[in-house]
Amino acid sequence: MRIQESAAVAEVAAKLQAPERLRRSHHNPVSRIQEVTMGGFVPTAAMSALQIGFDAAQRNQRAKVEKSAQRAHAQDQIEQLRRKQETERRQRAQDLKRAIAAQRARFGARGLPVGGSAEAVLAGLAAEAERSNTDSRALANLRIGQLNTDSNYAARKSLLNATQPTYASTFDVIQKGLRRFPLFDA
């Protein structure tokens, strides 16, 4: 009877110790996760996350520099366009003065008085010059608008391109980490 009792006690003790042995076993998934976590997965993931953050910061910095350069280039083009427009406006004003002077000289050579129909012809020349100035301003404003639109599009595209690799590299790190440290033994 004593042998049976000690065998029963040994069996109960073995059953009570079984969960402890199972927990220490490398075949237990929970134990394996704890081992992986402590053994390298977390440090690898942390270093990868730091690298991703550093890369993203560098891409964002490059995107900002590129955006700034594009904006400066667009501003240079706009300034050049405005200088050209001002030069053309002055040239048209001088041409108008010459045309009016030439027309008055013709009217004087014919003996026509400065008033009446002669004045209407001169007013027509001035109106034509004003239309030319208005058309030139409108065209310059369209070009300036297009330059600003192109610059803004390039800046947005640059910033979007800077963020896309961050997402891709995050998923790559996760995939590589999971392949390197399998959660379950086969």
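Readers should treat all values here as calculations from the given coordinates under stated rules, not as data from a laboratory. Values in this document were obtained by computation on a predicted structure and should not be read as measured data. In this analysis, Cβ positions are derived from the backbone assuming ideal geometry, glycine residues included, and neighbour counts consider all displayed protein chains.
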Query raised in the report: Which residues' amide hydrogens lie under 5 Å from the amide hydrogen of residue 112, considering only partners 5 or more residues apart or on another chain, with H built in the peptide plane?
Result: none
Report summary line: HN-Hα couplings for the stretch 52-65 via Karplus (6.51, -1.76, 1.60; θ = phi - 60°), in whole Hz with x for Gly/Pro, come out as 4, x, 5, 4, 5, 5, 5, 4, 5, 5, 4, 5, 5, 5
**Report entry** Vicinal HN-Hα couplings computed from phi for the stretch 84-95 (Karplus, 6.51 cos²θ - 1.76 cosθ + 1.60; Hz; Gly/Pro x)
**Finding:** 4, 4, 5, 4, 5, 5, 5, 5, 5, 5, 5, 4
**Report entry** Rounded to whole Hz, the Karplus (6.51, -1.76, 1.60) HN-Hα couplings of the stretch 112-127, x for glycine and proline
**Finding:** 7, x, 5, x, x, 5, 5, 5, 5, 5, 5, 5, x, 4, 5, 5
Report task. In nm, give the distance between the simple-model label positions of residue 80 and residue 152, each being 7 Å from the Cα along the Cα-to-Cβ direction. Result -> 2.3 nm
